[in-house]
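All remarks here apply to the structure that follows.
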Amino acid sequence: MKRIAIICMFLLAGKVASAQTTVAKQIAEWERAKAYTKEYLDAMPEDGYALKPTPEIRSFAEQMDHIGDANYAFVSAATGKKKPMDSSLEKMADQSKAAVTKGVLDSYDFVIASLKDMTDADFGKDVKVFGMDMKAGTAFEKAFEHQTHHRGQTTVYIRMKGVKPPQEKLF
């Protein structure tokens, strides 16, 4: 019985030692999402940034700006950190490929830097996001879901310009 207990302890210790923390996992996921979003930003030709599949929906640039604005909003609410700019990316006068790319990638840097300042315990803190009560960890999860959703929408825009969208990056 003692041997079984010792073996179980070693197995559990190995499992705990190899487990990735919630913060570390989130950082890795957001870094992957940033790289994937950059591939989308790079794939769209400059003249496609103003493309609107129909007049009533966002242009490609506006979709990407929306991702950046939401990244800032979710994470600011989850952490209490002020976003580094006062205005919205969607309201920037310069909607060129270079300006949109910089603005959106900066928003991912904000998320990643905010995560690096957190502990796993911080994910359990109560926060208010868009008027709703939730845990800080949930806010990061919802932010991740949001950016994935809107990036996916832009696949159609890229195809409409005759460009092959980036290969999916699940890992």
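Worth a mention:
- Restricted to segment 136-171, and to residues there that are among the aromatic types (Phe, Trp, Tyr) and not in a loop (DSSP other than H, G, I, E, B), the residue that is farthest from ASP120 (Cα to Cα) is TYR157.
- Segment 96-117, residues that are under 17 Å from the mean Cα position of the chain (by Cα) and open to solvent by 30 Å² or more (accessible area, probe 1.4 Å): LYS102, ASP106, ASP109, ALA113, LYS116, ASP117
- Yes/no for LYS83 being among the basic types (Lys, Arg), over 14 Å from the mean Cα position of the chain (by Cα) and farther than 21 Å from GLU31 by Cβ: no
- Unmet requirement for ALA121, which otherwise passes all of (1) hydrophobic (A, V, I, L, M, F, W, C); (2) under 22 Å from LYS34 (Cβ atoms); (3) surrounded by fewer than 19 Cβ atoms within 10 Å (Cβ to Cβ): (2)
- Taken together, the criteria place VAL75 among residues that are modelled with pLDDT of 95 or more, surrounded by 18 or more Cβ atoms within 10 Å (Cβ to Cβ) and closer than 22 Å to PHE130 by Cβ.
- Residue in segment 146-168 that is at pLDDT below 95, farther than 14 Å from THR79 by Cβ, open to solvent by 30 Å² or more (accessible area, probe 1.4 Å) and not charged (D, E, K, R) present: yes
- Some residue of segment 79-95 being part of a helix (DSSP H, G or I), in contact (Cβ under 8 Å) with a residue 12 or more places away in the chain, open to solvent by less than 50 Å² (accessible area, probe 1.4 Å) and farther than 20 Å from ASP42 by Cα: yes
- Candidates are the residues of segment 25-59 that are assigned to a loop (DSSP other than H, G, I, E, B) and of a type in the set (Val, Ile, Thr); the one that is least open to solvent (accessible area, probe 1.4 Å) is THR54.
- Any hit, segment 112-135, residues being charged (D, E, K, R) and part of a loop (DSSP other than H, G, I, E, B): yes
- Within segment 32-59, residues that are in contact (Cβ under 8 Å) with a residue 40 or more places away in the chain and within 17 Å of GLY103 (Cα to Cα) reach partners that are surrounded by 14 or more Cβ atoms within 10 Å (Cβ to Cβ) and of a type in the set (Val, Ile, Thr) with beta carbons closer than 6 Å, at six or more positions or on different chains, in the pairs TYR40/THR154; LEU41/THR101; ALA43/ILE158; MET44/ILE158.
The values are calculated or read from the model by the stated rules, or taken from the named source; none is laboratory data. The model shown is predicted, which means the values in this text are computed figures rather than measured ones. Backbone-built Cβ (ideal geometry, glycine too); neighbour counts: all protein chains shown. These area figures cover heavy atoms from the full protein model, side chains too; ligands, DNA and RNA do not enter into them. Shrake-Rupley method; radii C 1.70, N 1.55, O 1.52, S 1.80 Å.
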